[in-house]
């Protein structure tokens, strides 16, 4: 599958809460996905920093996209576990995320996710495990 097809398939699956948060995909490669959110007041906590739930949404969504596409052929996934570490608060107008496949197995996929502020400082990182469902992803899905 070529880059354009991977991006088209991923954008079709970018729905729900991730869209509500404003997550947009930048790149969708085999084993790595990147994206960003333009920050707005609804994504901030009472102290003016990005809410941890919004950060988790970026890691989980990009991680799921990465895990799905890392399978051959691509498969649907559900999150099995998340271990998140918040390293510094995110301020500014944009947060960026990256998810990379560490280990792709037959039933699960281990992903490392990172979230950066607009100055490209690492602000959060996570280790996520996804469980592969039996259903394959088809280009028309």
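The values are calculated or read from the model by the stated rules, or taken from the named source; none is laboratory data. What you are looking at is a predicted structure, and each value in this text was computed from that prediction instead of being measured. Note that each Cβ is placed from the backbone with ideal geometry, even for glycine, and that neighbours are counted across all protein chains shown.
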- [ ] Could you list, in sequence order, all residues of segment 117-131 that are under 16 Å from the mean Cα position of the chain (by Cα) and over 15 Å from residue 56 (Cβ atoms)?
- [x] 117, 122, 131
Task: Among the residues listed as 55, 137, 102, the single one being buried (at least 24 other Cβ atoms within 10 Å of the Cβ) and either closer than 26 Å to residue 4 by Cα or in contact with a strand residue (DSSP E or B) (Cβ under 6 Å, 6 or more places away or on another chain) (or both) - done: 55
Open item on the list: For segment 10-24, give me each residue that is surrounded by 13 or more Cβ atoms within 10 Å (Cβ to Cβ) and touching a helix residue (DSSP H, G or I) at 6+ places or on another chain (Cβ under 8 Å).
Closed with: 10, 13, 14, 18, 21, 22, 23
- [ ] Starting from residues that are in a loop (DSSP other than H, G, I, E, B) and touching a residue at least 40 places away in the same chain (Cβ under 8 Å), keep the ones in segment 48-60 and report whichever is nearest to residue 24 (Cα to Cα).
- [x] 49
Task: segment 63-90, residues that are modelled with pLDDT of 95 or more and in a loop (DSSP other than H, G, I, E, B) - done: 87, 88, 89, 90
Task: Every residue from segment 63-88 that is exposed (fewer than 14 other Cβ atoms within 10 Å of the Cβ) and farther than 20 Å from residue 3 by Cα - done: 78, 81, 83, 85, 87, 88
- [ ] Determine whether segment 24-33 contains at least one residue that is in a loop (DSSP other than H, G, I, E, B), free of Cβ contacts under 8 Å to residues at least 60 places away in the same chain and under 19 Å from residue 4 (Cα atoms).
- [x] yes
- [ ] Answer yes or no: is there a residue in segment 25-38 that is surrounded by fewer than 18 Cβ atoms within 10 Å (Cβ to Cβ), under 20 Å from residue 91 (Cα atoms) and more than 12 Å from the chain's Cα centre (by Cα).
- [x] yes
Task: Considering residues of segment 105-116 that are farther than 15 Å from residue 134 by Cα and touching a helix residue (DSSP H, G or I) at 6+ places or on another chain (Cβ under 9 Å) only, the residue surrounded by the most Cβ atoms within 10 Å (Cβ to Cβ) - done: 111
